[in-house]
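Here is the structure we will look at, set down as structure tokens.
Just so it is clear, none of the values below were taken in a lab; they were calculated from the coordinates. Not measured: the values here are computed from a predicted model. All Cβ positions, even for glycine, are placed from backbone atoms using ideal geometry, and neighbour counts span all protein chains on display.
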Amino acid sequence: MLSNQPAAVYRFTLRFANIVLFAISIGSLAWCVYAVANQKSHLYVRLAPAIVGLAAPFLLKFKPAARLAAASVLVGAVVGLYSAQLFALILTDPDRPILQAMEKEAKQAGVPFDGRTRIEVIDDLRSQGRTAYPPFYPYLLLDSPLQIDGGPAIALSGISNTMAVACNEGGQYLTYTTDEHGFPNPPGSWSASGIDIAIIGASSAVGECVPPADNLASQLRARYPHTVAVAAGGDGPLLELASIREYLQALKPKRVLWIFSESHTPEYLDFETHYPYLFHYLDPSFRQGLFEKQEALDKAIAQYFEDGIREEERLESWRKKARDFITLKNFRTVMYYFVAAKTARPKQFHFNSALYEQVLREGQRTAAAWGGTITVVYWPDPSRYRGASNYTPGVRELCDRTRGVFMDVAERVGVSVIDLSRTYPDSESMKDAEYFYSFPAHFKPAGYHLAGDAILSSIERNTK
């Protein structure tokens with residue numbers, strides 16, 4: 001009986017090894033299908049599982065000792081991978097640096113830190129009977145435009161007369177109520193006669209991420225009450241030109257302040273070149289008629305948001321978290337950033353100045369047609385300053401090159417410029433804590449106030 005025990009153990013172990021090899025083969029091939037179906041771009045994510053999945057069945061033809069050894073190695077590899085996944089899940093959190101920066105800013109400002117997610121904030125506001133949504137970013141829908149009145153439309157603004165819950169960089173969420181065309185202005189802004197100033201731009205024109213009382217438009221309203229911001233986060237020059245054509249032609253403001261973001265405008269313009277539809281706005285006669293379609297826009301954007309909120313909730317479900325664990329998401333993320341850090345090249349200078357000149361000329365021509373003027377505000381990147389947390393000499397060089405090319409374009413077009421790049425302290429002894437958030441480096445209230453003062457002073461000098 002005792003002599004039969006090792007044989008029984010051996011048979012059991014061999015049977016177990018066969019099952020392991022078969023299971024690993026099926027699992028590896030399933031992983032390969034998952035990688036292809038979800039368009040995982042890295043070759044090793046597709047190739048390595050395919051090799052293992054196809055090789056494992058051939059091991060079944062090997063001698064028992066070889067099968068046992070192979071099964072042991074593969075089981076060890078699987079245990080090692082999922083141990084690494086567990087380690088990455090516990091110790092790595094891509095949101096942690098952001099949360100830590102927000103907590104730091106809140107502590108420095110002496111305000112309570114709001115640790116809720118944006119969806120949680122929206123849910124809480126809705127439970128109080130408020131209509132709340134995220135802010136609308138037009139560039140996110142360039143691939144799949146909304147359907148308005150039976151046809152595709154590139155929307156440029158959010159839902160009208162509703163609360164937007166935007167970013168949180170200082171410990172508290174930026175919330176504001178949109179106007180009758182979905183922009184971040186006080187209600188009734190579009191019914192005012194004789195608009196003094198309209199601000200066109202991206203996140204800096206919106207006022208991310210400060211209370212509405214501290215944003216640029218509010219600073220200008222102290223001197224020019226009829227000031228509006230027609231802007232959305234992520235807008236580049238072509239989307240901004242579209243906003244001029246679709247909305248400012250109705251307002252006919254006396255002066256348009258068109259913000260050029262040193263850190264984002266060249267990048268955003270490069271992104272927009274991939275969408276030929278936007279080039280229609282270089283044609284002076286082209287319009288989508290968005291001003292007259294606000295009711296239809298509200299319905300379509302609301303549906304887009306509701307779908308997005310449900311997707312966010314799905315991403316937080318236990319099923320999604322289980323799938324992420326099984327597919328080693330955290331481990332793959334760590335490996336991706338490790339490889340990216342080792343292979344990353346310094347950011348290269350790229351600014352399509354010829355296209356920007358075209359856009360700027362068309363905006364200037366459009367404004368002149370209603371008797372308005374355009375002034376471009378050169379909005380600096382905080383990391384250009386030696387006291388800023390993200391400053392490097394390389395970033396400073398890129399900023400200076402961008403400024404040089406921009407100034408050449410502005411001179412050729414003949415447009416006036418308010419240059420804010422010399423407005424902020426540029427010394428290692430001057431820390432950025434007063435003017436800029438440390439991550440991701442939007443302006444703080446003091447930074448917006450300094451910008452507002454400089455712009456108002458320039459306007460006053462040029463109107464005497």
If amide hydrogens are placed 1.01 Å from N in the peptide plane, which non-local residues have theirs closer than 5 Å to the one on Trp258? Ile200, Thr375, Val376, Val377
Karplus 3J(HN,Hα) series, Hz, for the range 184-191 with 6.51 cos²θ - 1.76 cosθ + 1.60 (x for Gly, Pro): x, 10, x, x, x, 4, 7, 8
Can you run phi through the Karplus equation (6.51, -1.76, 1.60; θ = phi - 60°) for the range 404-419 and list ³J(HN,Hα) in whole Hz, with x for Gly and Pro? x, 5, 4, 4, 5, 5, 4, 5, 5, 6, x, 9, 6, 10, 10, 9
Burial-style ranking of 194-206, 129-141, average other-beta-carbon count within 10 Å with highest first, yields 194-206, 129-141
Residue order, fewest to most surrounding Cβ atoms within 10 angstrom, among His274, His181: His274, His181
Interchain or sequence-distant (5+) residues whose placed amide H lies within less than 5 Å of the amide H of Leu328 are none
According to the square roots a ≥ b ≥ c of the eigenvalues of the Cα gyration tensor, what is the shape class of the range 166-314, taking rounded for a/c under 1.5, prolate for a/b larger than b/c otherwise, and oblate for the remainder? rounded
Estimated dipole of the range 184-317 in Debye, rounded to 20 [Cβ of Lys and Arg +1, of Asp and Glu -1, Cα centre]: 840
Using amide H atoms built in the peptide plane, which far-off residues or other-chain residues are under 5 Å from Thr131 H to H? Met163
Tell me, His350, His226, His264 in order of fewest to most beta-carbon neighbours within 10 Å? His350, His226, His264
Sorted by Cβ density within 10 Å, fewest first, the residues Arg245, Arg396: Arg396, Arg245
Under the Karplus relation 6.51 cos²θ - 1.76 cosθ + 1.60, θ = phi - 60°, what is the ordered set of whole-Hz ³J(HN,Hα) values for the range 293-299, x standing for Gly and Pro? 10, 4, 4, 5, 4, 4, 5
Protection-proxy order for peptides 380-389, 253-262, 110-119, 289-298, each taking the mean of Cβ atoms within 10 Å per residue, highest first: 253-262, 380-389, 289-298, 110-119
